[in-house]
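Worksheet: one structure, shown below.
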Amino acid sequence: MIKLINLTKTFRGLRAVDGINLEVKEGVCFGFLGPNGAGKTTTIKMMAGVLKPTEGRIIINGSDLAKDPSAAKRCVGFIPDRPFLYEKLSGLEFLHFIAGLYGVDNLPSLGRRISELLELFELSHWQEELIESYSHGMKQRLVMCSALIHRPKALIVDEPMVGLDPKAARLVKDIFREQASQGTTVFMSTHSLEMAEEVCEEIAIIQAGQIIAKGTGEELRHQAGSDGNLEHIFLRLTEGKGLAHERPLSSH
Ligand SMILES: Nc1ncnc2c1ncn2[C@@H]1O[C@H](COP(=O)(O)OP(=O)(O)OP(=O)(O)O)[C@@H](O)[C@H]1O
Ligand SMILES: [Mg+2]
């Protein structure tokens, strides 16, 4: 469903994403882990088509994102780490607006789809309120609704759990699992190996732009030769791999 081939992004000489090769199959929930500055957001932005790769290719549902961007993007729902919302719209107006962007605003089933999603993310009571009155977690859930409106085959999410309370986090994890069981591929970045292991059947760890480990939580444990403590595994896999990305570009 998602294929990254030698994917590379260079920012003024810094290889923020450095020749990544990954394949994620249909219906898989995939966790993308790595420390700050590892290249997660840069990879995800390229997959969502908002950042152009320096080298390499991205294939989504058989379409090359560079050659046939509209076919590839139609299959993707993207939830950025810092979403932009029109605060002066109500939740309902925003969802209709996004449906228009995806070209699904004429579907007779749209009203039902929107109600379903608002219900799923527990936002029905807030649909008429202006987004500016929403809490952070409510905005986050509204963006998730908007990313699912066109029934994407791949859901690409950058740090979905940041700022969610435990109940909302539980809800979102369950929805991701449910989406995957219905055949949607979920590609999510996170800092938490624990979270990734709970939700994702496959995990890749990125460090300084490169994939340094890949597999199930159990396989990562094995690779790290660790005692099973998830924090230890993460630290062991990423330690001593270079901190080049933590220096500002001006010092390069
Ligand atoms: N627009 C940009 N211009 C220059 N450098 C950038 C730009 N965007 C990202 N970088 C650099 O690329 C590297 C990877 O950043 P990225 O945001 O992808 O990391 P991340 O893994 O998402 O980190 P975090 O966990 O903090 O979100 C960092 O060194 C960052 O400074
Ligand atoms: Mg990031």
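Table: residues versus (1) loosely packed, with under 14 Cβ neighbours inside 10 Å; (2) within 21 Å of GLN179 (Cα to Cα).
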{"site": "ASP64", "(1), (2)": "no, no"}
{"site": "LYS67", "(1), (2)": "yes, no"}
{"site": "ARG82", "(1), (2)": "yes, no"}
{"site": "SER90", "(1), (2)": "no, no"}
{"site": "ILE98", "(1), (2)": "no, yes"}
{"site": "TYR102", "(1), (2)": "no, yes"}
{"site": "ARG112", "(1), (2)": "yes, yes"}
{"site": "GLU119", "(1), (2)": "yes, yes"}
{"site": "SER133", "(1), (2)": "yes, no"}
Just checking: which of the helices (runs of 4 or more DSSP H) contained wholly in the stretch 26-107 hold 2 or more residues that are within 16 Å of ligand 2 (Cβ to nearest atom) and at pLDDT 95 or above?
40-47
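For (1) assigned to a loop (DSSP other than H, G, I, E, B); (2) modelled with pLDDT of 85 or more; (3) in contact with a Leu (Cβ under 7 Å, 6 or more places away or on another chain), each residue gets a yes or a no:
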{"position": "VAL162", "(1), (2), (3)": "yes, yes, no"}
{"position": "GLU198", "(1), (2), (3)": "no, yes, no"}
{"position": "ILE205", "(1), (2), (3)": "no, yes, yes"}
{"position": "LYS214", "(1), (2), (3)": "no, yes, no"}
{"position": "GLU219", "(1), (2), (3)": "no, yes, no"}
Would you be able to tell me the number of residues in the stretch 146-160 that are buried (at least 19 other Cβ atoms within 10 Å of the Cβ) and closer than 26 Å to ILE206 by Cβ?
10
Search the stretch 38-57 for residues that are in the same structural domain as ALA16 (by TED's automatic domain parsing) and pair each with any residue that is away from ligand 2 (no atom under 16 Å from the Cβ) and of a type in the set (Ser, Thr, Tyr) when their beta-carbon atoms are under 7 Å apart and the residues are at least 6 apart or on different chains.
PRO53/THR8; THR54/THR8; THR54/THR10; GLU55/THR8; GLY56/THR8
Residue list for the stretch 170-196, restricted to those being away from ligand 1 (no atom under 16 Å from the Cβ) and closer than 23 Å to LYS45 by Cα:
VAL172, LYS173, ILE175, PHE176, ARG177, GLN179, ALA180, GLY183, THR184, THR185, VAL186
With (1) surrounded by fewer than 19 Cβ atoms within 10 Å (Cβ to Cβ); (2) at pLDDT 95 or above; (3) away from ligand 2 (no atom under 16 Å from the Cβ) as the list, and GLY13 as the residue in question, which single condition is left unmet?
(2)
The number of residues in the stretch 15-37 that are near ligand 1 (Cβ under 8 Å from one of its atoms) and within 15 Å of the chain's Cα centre (by Cα) is 1
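Scan the stretch 41-48 and give yes if some residue there is within 20 Å of PRO83 (Cβ to Cβ), within 17 Å of the chain's Cα centre (by Cα) and of a type in the set (D, E, K, R), otherwise no.
Quick first cut of the stretch 41-48, residues within 20 Å of PRO83 (Cβ to Cβ) only: 41-48.
After this cut, where a residue has to be within 17 Å of the chain's Cα centre (by Cα) as well, the list is 41-48.
From what is left, the residues that are of a type in the set (D, E, K, R) are 45.
Yes, because at least one residue in the stretch 41-48 is within 20 Å of PRO83 (Cβ to Cβ), within 17 Å of the chain's Cα centre (by Cα) and of a type in the set (D, E, K, R).
The values are calculated or read from the model by the stated rules, or taken from the named source; none is laboratory data. Given the structure is predicted, the values throughout are model-derived calculations rather than measurements. For neighbour counting, all protein chains shown are included, and Cβ atoms are generated from backbone atoms with ideal geometry for every residue, glycine included.
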